[in-house]
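Encoded as structure tokens, the structure appears first; notes follow it.
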Amino acid sequence: MKLGGLIPALVTPFDGNGEVNFTELRKLVRVLLEEGADGFYVTGSTGECFLLTDEERIQIVAAVAEEVNGRVPVVAHVGKIGAAQAAKLAKEAEKAGADAVSSVPPFYYDFKFEEIAGYYAVITDATQLPMVVYNYPKFSGVTITSANLPLIMEKCRVCGLKYTDMNLYELERIRVQYPELSVLFGRDEALLSALPLGIDGAIGSTYNIMLKKYKRMWAAYEEGDMKKAEALQHDACRVIDRLMRIRDISAEKYLLGRKGIQAGDCRLPFQPITEAEKRFLDETGILD
């Protein structure tokens, strides 16, 4: 599988009782497909994966896969600390219609990298699906590099790498050394900086609310209109700055209301955003 283009990392809408709102989830998928989504990354960090039950995670994958109906790939994040638990989730995601699975490295314990590679092998041995390795050192405490990535690749079917890090030199090294790999950038605030390195695509949280802006940015870059591309990246960063002053997921869920999608609050222990924060976000301006 060759993944590419702009792939939203979906938020998980909740209703007023804190339950998954599948009606709004399906609506979000339809809206993003209309805006040009090239795939969906489901039950990842943005989707509050570790605040969901395993049953909810699979139900979300199934709902998205059904709504997509084969039009674009659906990547299911199945990350856990335990390999057996992640493998079980991967099996269920495959049955639910996922086209690929993904996982952060096992975290909390100070695993040796050989153990991390073994974790990925257990997951792919349990399914026929390819793996998108998720490099997110800020939260996982593990950095995947061009030097240690082969330890994973030689043990399992890796089709892609979700690279959520600002080390663009290391990103370039990975791109050059693994041309067959789908390299997907994960830092929305620096997408334009990563395009010259030859990335295949990007997986982003803020694509939930600004996908059309990023599509125009990429098109302008490919057309050689750097002035327009830079202006669009600057405007995206203006919005991101406001999101980060609150919390990106909570703020995005609130702003999805502008698309007519009621995404609710994040789950506890996250606290709902305040009325003052809502007013601050209301001043954000045009997103598209």
For the ranges 243-253, 112-122, what's the packing order if you count other beta-carbon atoms within 10 Å of each residue, average per peptide, and put the highest first? 243-253, 112-122
I want to verify the translational diffusion coefficient of the stretch 5-211 in µm²/s; compute it with Stokes-Einstein, Rh as the Kirkwood radius over Cα pairs, at 20 °C and 1.002 mPa s. 127
What's the center-to-center distance, using Cα atoms, between the stretch 67-134 and the stretch 191-207 in Å? 22
Specify the residue with the greatest mean-square fluctuation among GLN177, GLN233, GLN85, computed from a Gaussian network of the chain linking alpha-carbon atoms under 10 Å apart. GLN177
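For HIS77, HIS234, what ranking results if the residue with the fewest other Cβ atoms within 10 Å of its Cβ goes first?
In order of increasing Cβ crowding within 10 Å: HIS234, HIS77.
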Which whole-number percent gives the relative contact order of the chain, counting Cα pairs below 8 Å spaced six or more residues apart? 20
Add +1 for every Lys or Arg and -1 for every Asp or Glu among the other residues with Cβ under 10 Å from the Cβ of ASP54, and state the total. 0
Sorted from fewest to most neighbouring beta carbons within 10 Å, what does the list TYR108, TYR178 look like? TYR108, TYR178
Out of TYR254, TYR163, TYR109, a Gaussian network model of the chain with alpha-carbon springs under 10 Å gives the largest mean-square fluctuation to TYR109
Measuring from label point to label point, each 7 Å out along Cα→Cβ, what is the ARG247 to GLU180 span in nm? 4.2
C-alpha center-to-center spacing [the stretch 248-279, the stretch 28-59] in angstrom: 16
GNM flexibility winner over the chain from THR127, THR206, THR12 (Cα, springs under 10 Å): THR127
Looking at the stretch 5-211, what % of its DSSP beta bridges pair antiparallel, to the nearest 5? 5
If each residue's Cβ is checked for other Cβ atoms within 10 Å, how do THR43, THR143 rank with the fewest at the top? THR143, THR43
For the stretch 137-278, what does the equivalent ellipsoid look like in terms of its semi-axes, each the square root of 5 times an eigenvalue of the Cα gyration tensor, given largest first in whole Å? 29, 21, 12
What one gets for the stretch 72-141 as the Kirkwood radius, inverse of mean 1/r over different Cα pairs in Å, is 12.0
The stretch 1-108: relative contact order from alpha carbon pairs under 8 Å, six or more residues apart, as a whole percent, is 26
Determine the relative contact order of the stretch 215-288: mean sequence separation of Cα pairs under 8 Å and six or more apart, normalised by residue count, in whole percent. 22
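Every number here is computed from the coordinates shown, using simple stated rules; none is lab data. Model, not experiment: these values are computed from the prediction. Cβ: placed from backbone, ideal geometry, glycine included. Neighbour counts: every protein chain shown.
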